[in-house]
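The values are calculated or read from the model by the stated rules, or taken from the named source; none is laboratory data. Since we're looking at a predicted model, the values are computed, not measured. Reconstructed Cβ throughout: ideal geometry from the backbone, glycine too, with neighbour counts over all protein chains shown. For accessibility, only protein heavy atoms count, side chains too; no ligands or nucleic acids. Shrake-Rupley method; radii C 1.70, N 1.55, O 1.52, S 1.80 Å.
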Amino acid sequence: MDVKKIFKLRAGYQDLLIPFLSIITSLVIGAIIIYASGANVYAAYKGLWQGSFGNARTIAETFVSTTPYILTGLAVAFGFRCGLFNIGAEGQLYAGALAAAYIGYAWRGLPHFIHLPIAIIAGIIAGGIWGAIPGYLKAKTGAHEVINTIMMNHIMIRLTDYLVKNPMLDPKASVPRTAYILKSAYLPKIFPGFRLHWGFILAIIAIFLIYYILFKTKVGFEIRTVGLNQDAARYAGMNISKNFVLAMAISGGLAGLAGAGEVLGLNYNLPAAFVSGFGFDAIAIALLAKSNPFAVFPSAMLWAALRNGAGLMQVRAKISIDLVNIIQAFVIMFIAAPNIVRYLYRIRAEREKAGVLLTKGWGQ
Amino acid sequence: MSKDNHMSEEILSLKGVVKSFPGVLANDHIDFSLKKGEIHTLLGENGAGKTTLMNILYGLYTPDEGEIFIDGQKVIIHSPADALSHGIGMVHQHFMLIPNMSVCENIILGNESKKRGLIDEEQATGRIETLSEKYKFSLNPGDMVKDLPIGMQQKVEILKALYREATVLILDEPTAVLTPQESEELFEILRSLKDEGKSIIFISHKLKEVLEISDIITVLRDGKAIGSVRPDQTDEGHLANMMVGREVILKVHKEKMHKGKPVLEVNDLTVFDRRGVSVVNGINFNVHSGEIYGVAGVQGNGQTELVEALTGLLPFVSGEVIIDGAKIEGDNPREVFERGTAHIPEDRHKYGLVLPYPIRDNLVLCSYYHKPFSKRLALNFPVIIEKSSKLLKEFDIKASSILDITETLSGGNQQKTVVARELGREVKLLIAAQPTRGLDVGSIEYIHKKIVETRDAGCAVLLVSSELDEILSLSDTIGVIYKGQIVKTLSSEEATKEQLGLLMAGILEKT
Ligand SMILES: Nc1ncnc2c1ncn2[C@@H]1O[C@H](COP(=O)(O)OP(=O)(O)O)[C@@H](O)[C@H]1O
Ligand SMILES: [Mg+2]
C-alpha cells in the first residue's frame, strides 16, 4: 500500500502543523487556567501523563479507550468523505452493543469461532442499519443527515434503556443490566492481566480496510467523488442516493463494531447505565484527523489519553475533571471550528496560502 | 485615445523579477515599467505568470530576485498594506468581498475611520457616495454585496482601491467575468481614471479588448517578458504569435464534410429546467456522422437544458432521442456514456472535473467502473496509471505528473483534461457545450483542432456555443435555437453573421 504517497497527496505540511500547534496551544491555555485556579501546573500535567502513559497498566488502559475512539472516529471520517456529517455514531454504537449483547447471551451452544464472529457481525449490521436509515432518508427526501442522526441517537439511547430494563433484563442482577454474555462470545485479551482486548486489533485492521475501501476500490472512488462534487459524480454516471446510503451504512457499521467491542471485550454485559460518549468525541477525532484513516489513530489516542489521564490529573493537582474537557474543547476549537462552520454551511474551503486562492478563478 | 498628455514620468518599475514555485518558474527576470496616466496591459496565456507578477507588486509574494522601484526609490513591499501605502491597489481575479456585508462595510473593512472608538459609517458613506458619483458607478453603499451582479461587485472592488487613494490600479483579468456591455462600461471607467492621471495595469488574454483599451501592451510568455508594443503598431495575429510563441491559426482548417448516417436523432423533445419551466419545446434535429452540427443562439434559449437532457443530466418530458439507432431512456448519464457519447460540459468546474482530485482520477472519472480500469470491486491502478499517463501526453496536458491536483492546472489544461477523458476512447457522438469558454488562444486552437479531428474520424458532433465566430468556423450545419426550438437550419457556407444574429433574436421568420 502506498501509504506514503497518500500522506504526501493529502497531508501537506500545514495539515500536520496546524493540529500540532492547536494541541500545544490548548495545553498552554489549560496551564494558564490551572495556574489561575491556584493549582500546580506541573503536578497536573504530570498526573495527566502518568494517568495515560505512566506504566504498563495505564498504557494498556489508554489503548482500551483508543479502540472505540478509532472505530467511531473512522465512522465519522468515512461519512465526511462522502460529504455526510454523521453525528449519529453514538446511537449506532449503542445499536451495535445491543445486538452483540443479545447474540452474546441468547445464542447458546455455539463454539467460540462461530459465536464470536456472529456477535461481532450482528453489532456491525445493527450499527449499519441504524446509520443507513438517515442515509436513506437523505437520499430519498433530502432530509438533512445531521438532524436525523441526532434524532436516531435519542431513539437508540432510550430504546437501549428500555430494552435493558425490560425484555433483556437479567432478573438476577442487582443493577439493571442484561445477562452476561457467554464465554464463547468473548473477545480475548491480548496480554494476560490487562484489559486490552482483540477489539484493538480489529480497530487497527479497520483502519487499513477503510483506507483500502476509500482509495483502492470503485465504491470508495464513488463515495469520495460524491463527497467532493456531487454534480461531477452525477455527470460520471454515479448513483448519488446509493452512495449516501452505502456510506452511512459503512459508517454506522464501524460505530456498531465499536459498541460490540465494548460489550464483547470489556463489559461482557450491557448495563442500563452504559454511557459511552465515544460517538460524540468521534466527530472531533475525525476532524482532527482531517478524515484521513491513518491519522485517526493518533487522534483517537490523544483523546483516549486525555480521557484516561484526567482522573490522576484531578487527584494530583486537586482540580476539576472539567478542566480536561476544557482542554479538549480548545483542541477542537482551534482545528475544527472553522472546519465545522465551513462544512455545515457548505462554504468552499479557502486555501491557506492567499496566493492560491487569488490565482484560482474563472478562466485561470 | 490621447497618448501624449502626462505620460512621460515613470512612476513604478520592476527590474529582473524572479519567482519560482515548486516545479515552475512563474516569473523569469521580468522587467516592467509603468508611466503616469497610462493603461499598461499585461497580456499572456493562462499560466504565463501575470497574476504572480502582480501579487509580487501587491506584496502577497516575496520575489526570489529582483527589485521594485516607486517614484525612482527602491522599495520592498511586504504586504498589501505596504502596497496600499505606496498607492497601489489591486482588484483580484477572484473578488475578495464578503457577501453578507454591505458595500460600505466591504469598502471600509480594514481601513475604518473611527470616531470615539466607533466606526464612523456616516463619513464613510459620504465619501463612497462622492466617489461613486464621480466615476458614475451608481453604487448604493447600503446594498448587500451578495445581491449585486458580478459587474457591480467588481465596481465595489475598484471603489475599495480608490477609497484607499490608490494611484496605481491593478486589474487582474477583470473582463473574464463580464458581459460585453459590462466590459464596455468598465473601459469607460478606466478611461476616466486615466484622464485623471491614475495609472492602470490591466491584465487580459483577450486580444480584441487589449487592442481597444491599452496605451502599451507587454506580453508575457512562460514567465518571461517577450516584449512591449503599442496597439497602433500591432494587430491580433501578431499579439497572438507573441503570446503563444508560434504562428497561431486563428482560423480553423477543415476538409469537406463526409456526411454519413444519422447518429443523434432528436424528435419533438421537450425538457423542463430545474424550476419546472418548459425551456426546450419540442425540438427536432439530426446530427450525422462526419458532421459538426452547431447550435447557435442567445444564452438562455434552452441550449443548456437541451445538452443536459441529451447527456442524461435532465429527464425528458416528452419526445424521443435516438443515439446510434437505439432509443435512450434519458435521465441516466451512464446510459448515454455507454452508447459511445462524449460530453464536454458547459461548466467544467461543476460537472466536468473533481478539482481536488489528481489528474489521474479525473481522466477515469467516467470509465473507472468497467474493465480494464477495475477488476471486480477494486480499481486497477496499473492500468489506470498507464492510460492516464498516455492521455496526459497525447492531449498535451501541461502538468508535472498525473498526480498533480487538477485545481492547480490552468483553465486551458483543465479543459484539455476533460477533452482527453472524453475523446480518449472510441466515441460515435461528441456533445460539446461552450468548449472554449474562458480559455486562452492556444487552448482554443487546440480544442478546435480536436473537434475537427473527431468529426473527420467519422464521429457526429453537436456543438453548442454562444460564440458566433466559433459556430461559424467549426460547423458544417447550423441550427438556430430560439425559445427552445430550432427555428432554422442552414449550411455554414450559406450562413452569414448578420443573418444568424437576426434569427437568434427571433426576428426572421421560421422556414
Ligand atoms: N501559489 C502557487 N503555487 C504554485 N504554483 C503557482 C502558484 N501560483 C501560480 N503558480 C504557477 O505559476 C505559473 C504562473 O501562474 P499565474 O501567475 O497565475 O499565471 P497567469 O495569471 O498568467 O495565468 C503557473 O504555472 C501556475 O501554476
Ligand atoms: Mg491569472
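One table, with the values for the structure above:
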| read-out | value |
| --- | --- |
| Partner chain coverage, peptide B:343-353 - average Cβ within 10 angstrom | 3 |
| Residues along region B:78-96 losing 50 Å² or more of accessible surface when the other protein chains are present rather than the chain by itself (probe 1.4 Å) | B:Gln93, B:His94 |
| Separation between Cα centres of region B:354-388 and region B:416-457, rounded to whole Å | 21 Å |
| Between region A:138-203 and region B:281-330, the Cα center-to-center distance that results, in Å | 54 Å |
| Volume per residue that the Cα convex hull of region B:3-244 spans, once the total is divided by residue count, Å³ | 130 Å³ |
| Share of carbon and sulfur in the accessible heavy-atom surface of chain B [1.4 Å probe, %] | 51 percent |
| FRET efficiency, 1/(1 + (r/R0)^6) with R0 35 Å, evaluated for B:Val252 and B:Asn281 via beta carbons | 0.65 |
| Solvent-accessible area, 1.4 Å probe, carbon plus sulfur percent, for region A:13-85 | 72 percent |
| Summed buried accessible surface, chains A and B, 1.4 Å probe, nearest 100 Å² | 3700 Å² |
| Per-peptide average of other Cβ atoms within 10 Å, ordering B:461-468, A:273-280, B:168-175 highest first | B:168-175, B:461-468, A:273-280 |
| Neighbour cut-off at most 11 other Cβ (10 Å), DSSP loop, trypsin sites (Lys or Arg not before Pro), region B:267-351 | B:Arg274, B:Arg275 |
| Ordering of A:72-78, B:206-212, B:20-26, A:125-131 by packing [mean C-beta count within 10 Å, highest first] | A:72-78, A:125-131, B:206-212, B:20-26 |
| Choice from A:Leu84, A:Leu93, A:Leu27 showing the highest fluctuation, given a GNM over chain A with Cα pairs closer than 10 Å | A:Leu27 |
| Entries in A:Lys242/B:Lys387; B:Lys146/B:Lys416; B:Lys194/B:Lys224; A:Lys138/B:Lys146; A:Lys218/B:Lys350; B:Lys327/B:Lys416 that, when Cα-Cα distance is taken, lie over 24 Å | A:Lys242/B:Lys387; B:Lys146/B:Lys416; B:Lys194/B:Lys224; A:Lys138/B:Lys146; B:Lys327/B:Lys416 |
| Å² of accessible area per residue within the protein assembly as shown, as computed with a 1.4 Å probe and no ligands counted | 43 Å² |
| Under 5 Å, built H, 5+ apart or other chain: amide partners of A:Ala179 | A:Asp170 |
| 10 Å Cβ shell holding at most 15 others, DSSP loop, trypsin sites (Lys or Arg not before Pro): longest site-free stretch of chain A | A:196-317 |
| Only Lys, Arg (+1) and Asp, Glu (-1) charged, at Cβ; the protein assembly as shown dipole about Cα centre in debye | 4300 debye |
| Stretchable slack from A:Gln50 to A:Asn239, in nm (0.36 nm times residue separation minus alpha-carbon distance) | 63.0 nm |
| For region A:228-248 and region A:42-79, distance of Cα centres in Å | 36 Å |
| Fraction of beta bridges assigned by DSSP in the protein assembly as shown that are antiparallel (%, nearest 5) | 60 percent |
| Mean separation of Cα contacts under 8 Å, 6 or more apart, over the residue count of chain A: relative contact order % | 33 percent |
| Low-density loop positions, GluC sites (Glu not before Pro), region B:245-298 - DSSP coil, at most 14 other Cβ in 10 Å | B:Glu247, B:Glu255 |
| Taking N as its residue count, the alpha carbon Rg of the protein assembly as shown over 2.2 N^0.38 Å | 1.10 |
| Phi-based couplings in Hz for region A:76-91 (Karplus 6.51, -1.76, 1.60; Gly and Pro marked x) | 5, 4, 4, x, 3, 4, 9, x, 10, 9, 8, 7, x, 4, 4, x |
